[in-house]
1. Quick one: how many residues across region 124-150 are loosely packed, with under 13 Cβ neighbours inside 10 Å and within 14 Å of L215 (Cα to Cα)?
2. Assess whether G211 counts as being open to solvent by 50 Å² or more (accessible area, probe 1.4 Å) and either at pLDDT below 95 or touching a helix residue (DSSP H, G or I) at 6+ places or on another chain (Cβ under 6 Å) (or both).
Amino acid sequence: MRPLERHRDAGAYALGVLDAADTFRFDDHLMDCPPCRAVVAELVPTAKQLAAYRGRTPPPVEPLAAPGPGLIDRLLGETVRLRRAGRRRWLCAVAAGVVLALAAPATAVLRAGGPGPEQITARDGRTGVSATLTARGRAWGTDVGLRVRDPHGGARVCELVAVGTDGSEQTVTTWRAPRESSGEDPAGLSTGGGAALPREDIARYEVRTTGGQRLLTLRRP
């Protein structure tokens, strides 16, 4: 076998899918090929994880985040079938597919903090109230931060209400709007709170006075 073909067997060797004769030949090849030794050393931990996945139920993760035992078995079966058919050019690609399928959950876990924060900015020309709202999905509902500017507040008490797609309402936070002459933050007042509604179940947010006057609507995109 040509040296190039030996190099292509590194992934299959690490996964343990070479037959006995090819394994023996690749053992000899490794003694004289530092690049292949480096590749095998890098893939061996992943191969061990693959072996651990086989025969047991994968841990609970997001849908499609981890390959099930059936997928792994099919890929390994395809690898063996291709070798028996003599299609050696495809072996490395199939072995690499198994490695990538197993490696994918690591990326998914690293990113599994939920979707990124959603930001909404709006201004009501009638009332002059403007605000920037930041919403983050949590296991318990939605975490909301709000910076609001109310130039004509007059020390009135306001509230932020989350309105669900089903029409239900939940008060997120309340505050007293300072007078413009009070010297408080001219860029706006910052407050925050939470709603038990999941973020995707919220249609819009409304800034209102506690007397029921709507001052500003912030609609989710």
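The values are calculated or read from the model by the stated rules, or taken from the named source; none is laboratory data. In this text the structure is predicted, and so the values were computed from the model without any measurement. We place every Cβ from the backbone using ideal geometry, glycine too, and count neighbours over all the protein chains shown. Surface accessibility is based on the protein's heavy atoms, side chains included, excluding ligands, DNA and RNA. Shrake-Rupley method; radii C 1.70, N 1.55, O 1.52, S 1.80 Å.
1. Of the residues in region 124-150, the ones loosely packed, with under 13 Cβ neighbours inside 10 Å are 125-126, 139-140.
With within 14 Å of L215 (Cα to Cα) added as a condition, the list becomes 125-126.
Of the residues in region 124-150, 2 are loosely packed, with under 13 Cβ neighbours inside 10 Å and within 14 Å of L215 (Cα to Cα).
2. Values: open to solvent by 50 Å² or more (accessible area, probe 1.4 Å): yes; either at pLDDT below 95 or touching a helix residue (DSSP H, G or I) at 6+ places or on another chain (Cβ under 6 Å) (or both): yes.
For G211, the condition - open to solvent by 50 Å² or more (accessible area, probe 1.4 Å) and either at pLDDT below 95 or touching a helix residue (DSSP H, G or I) at 6+ places or on another chain (Cβ under 6 Å) (or both) - is met.
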